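The values are calculated or read from the model by the stated rules, or taken from the named source; none is laboratory data. It should be emphasised that the depicted structure is a prediction, and the values quoted were computed from it without experimental measurement. No Cβ is skipped: glycine too gets one built from the backbone with ideal geometry, and neighbour counts run over all protein chains shown.
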Amino acid sequence: MPNPLEEWYLQLPPFTRIYTTGIVGLTLALKLQLVTPYQLFYTYQTAFIQGEYWRILTSFLFLGELSFDWILNIYFIVHYCRELEEGSYLNRPADFVWMVLLLCAALLAISPYLGTVFLGDVLVTALTYMWSRHYSFMFINFMGLFMVPAAYLSWIMIAFSSVVENRWPIPEVMVILVSHIVWFLSEEWPRRAESGGKRLICAPRFLCKLLHQDLEEDIEAEQDHQPEPTTAGEHAGEHTPSSDMPLPENDEKREYVEATVDGTSHEIKANELDIQSHASSSAIEQVDISQTLHQRVPHSQS
């Protein structure tokens with residue numbers, strides 16, 4: 001019998017599973033004192049000047065020591081990232097990964113103004129905001145107290161944390177603004193009429209091929225080469241008369257139009273007309289014979 005925890009873990013979508021594994025692994029390494037937080041934080045000086053590029057990754061994997069906040073962040077990652085991967089970005093893994101990379105790049109750019117050298121919590125806030133934009137029609141039970149629209153979830157969380165910590169949430173507001181720009185350019189703008197359906201931000205070709213996502217231009221080309229739907233009478237070898245062919249008048253015209261819709265019904269109607277015409281001629285012959293006999297009978301009696 002499979003382990004329920006193992007089964008749950010294997011059912012996670014790829015990015016959510018990899019990101020969660022990285023966070024848990026780094027937290028265990030900290031707990032076992034294999035690494036120290038000093039080796040994990042990010043600054044431009046340490047990463048790009050000193051060449052310690054791993055700090056770019058570890059700063060997003062660090063969520064602090066094992067605590068209630070750590071568990072809460074893991075829940076947000078597993079819940080919201082999973083819904084994004086399996087919902088809005090279903091069959092679009094390259095677009096999802098590209099969106100996360102753009103968020104990370106934007107957060108690295110504004111990191112000097114965020115007042116922190118660890119960006120794990122910041123990325124969780126950004127991903128939560130992205131989820132709230134994609135699922136703005138939903139309602140969330142906030143801490144079991146009241147229901148709130150998903151579109152306002154990030155703002156309510158910011159307001160709650162600012163009240164608890166007694167500070168202005170300027171870094172969190174900056175994170176939401178950056179996340180909103182990424183969401184607008186990648187998801188909202190292509191839906192607007194003035195965009196012409198073109199994305200300003202889309203996954204590069206190599207990433208689409210790497211993650212086995214169909215390229216947009218390939219999908220458009222396939223749609224352009226699809227055959228146009230046929231009209232009635234243009235399939236199964238049926239012949240549609242040209243518009244310049246003269247049509248019969250009155251009843252014959254009605255029968256002819258019906259034939260263009262269904263050739264089989266025309267043949268049946270034609271056979272019925274033939275039978276009726278033969279029956280009529282037979283009836284006329286019978287009338288003529290009866291009249292002839294009627295005329296001959298009195299002569300024979302006389």
TODO: State whether the residues of region 134-151 include one that is among the aromatic types (Phe, Trp, Tyr), part of a helix (DSSP H, G or I), in the same structural domain as residue 64 (by TED's automatic domain parsing) and at negative phi.
DONE: no
TODO: Kindly check whether there is at least one residue in region 72-93 that is part of a loop (DSSP other than H, G, I, E, B), over 30 Å from residue 212 (Cβ atoms) and among the hydrophobic types (A, V, I, L, M, F, W, C).
DONE: no
Open item on the list: Quick check on region 114-128: of everything there that is free of Cβ contacts under 8 Å to residues at least 60 places away in the same chain and touching a Ser or Thr at 6+ places or on another chain (Cβ under 6 Å), which residue is surrounded by the most Cβ atoms within 10 Å (Cβ to Cβ)?
Closed with: 126
Task: Conditions (1) touching a His at 6+ places or on another chain (Cβ under 9 Å); (2) over 19 Å from residue 175 (Cβ atoms); number of the one not met by residue 82 - done: (1)
- [ ] Find the residue count for region 81-95, including only residues that are farther than 25 Å from residue 41 by Cβ and either more than 12 Å from the chain's Cα centre (by Cα) or not assigned by TED's automatic domain parsing to the domain that holds residue 209 (or both).
- [x] 3
Task: Among residues of region 134-171, those that are farther than 24 Å from residue 88 by Cα and not aromatic (Phe, Trp, Tyr), counted - done: 15
